Structures are given as structure tokens and as C-alpha cells.
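K.L.:
My questions will all concern the structure given below.
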Amino acid sequence: MMQLLWQLFESVQQLPRGPEHTAAVQTLKQYERRLMELIQASETARAAIRDVTPSADISQ
């Protein structure tokens, strides 16, 4: 999930400077904290699942 977020950041950086870039940056900044919290919660949940069922395939 973190990799997807970085790809999103990189894609925004590749946009030509202009209204689209500005809007994308503002949107990312608006949701950045929530996205990071979601990623952290997801990683915590995956670790908890691995601790309970080490043979479970949760990579999907």
C-alpha cells in the first residue's frame, strides 16, 4: 500500500506545472494524513493476522 502511495506522489510530480498539478498537490495534502493512517492501520492489521495465523496468505 505504501508503494502505491509513493507511485501516486511520483505521478503528481511528473504532471506539467499548471492548474492540474496544483489541484493534485492540494488534494494529496488534504488527504495525506488520512492515507498514512490508513496505511499504518493496514500494516498493523496484516501483522496481527500473521501473528494469529502464520500460514495465512494475506498478500492479496
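Readers should treat all values here as calculations from the given coordinates under stated rules, not as data from a laboratory. Every value quoted in this text rests on a predicted model; they were computed, and no experiment measured them. Every residue, glycine as well, gets a Cβ built from its backbone with ideal geometry; the counts of neighbours run over all protein chains shown.
K.L.:
Any residue in the stretch 23-42 that is more than 14 Å from Leu4 (Cβ to Cβ) sitting within a Cβ distance under 8 Å of a residue that is not hydroxyl-bearing (Ser, Thr, Tyr)? List the pairs, counting only those 6 or more apart or interchain.
P.N.:
From residues that are more than 14 Å from Leu4 (Cβ to Cβ), the pairs are Ala24/Val12; Ala24/Leu15; Val25/Val12.
K.L.:
Scan the stretch 30-49 for residues that are over 19 Å from Leu8 (Cα atoms) and either of a type in the set (Ser, Thr, Tyr) or not in a helix (DSSP H, G or I) (or both) and jot them down.
P.N.:
Once the filter is applied, which keeps residues that are over 19 Å from Leu8 (Cα atoms) and either of a type in the set (Ser, Thr, Tyr) or not in a helix (DSSP H, G or I) (or both), the stretch 30-49 yields only Thr44.
K.L.:
Restricting attention to the stretch 1-29, which residues are surrounded by 10 or more Cβ atoms within 10 Å (Cβ to Cβ) and outside any helix (DSSP H, G or I)?
P.N.:
Correct list: Met1, Leu15.
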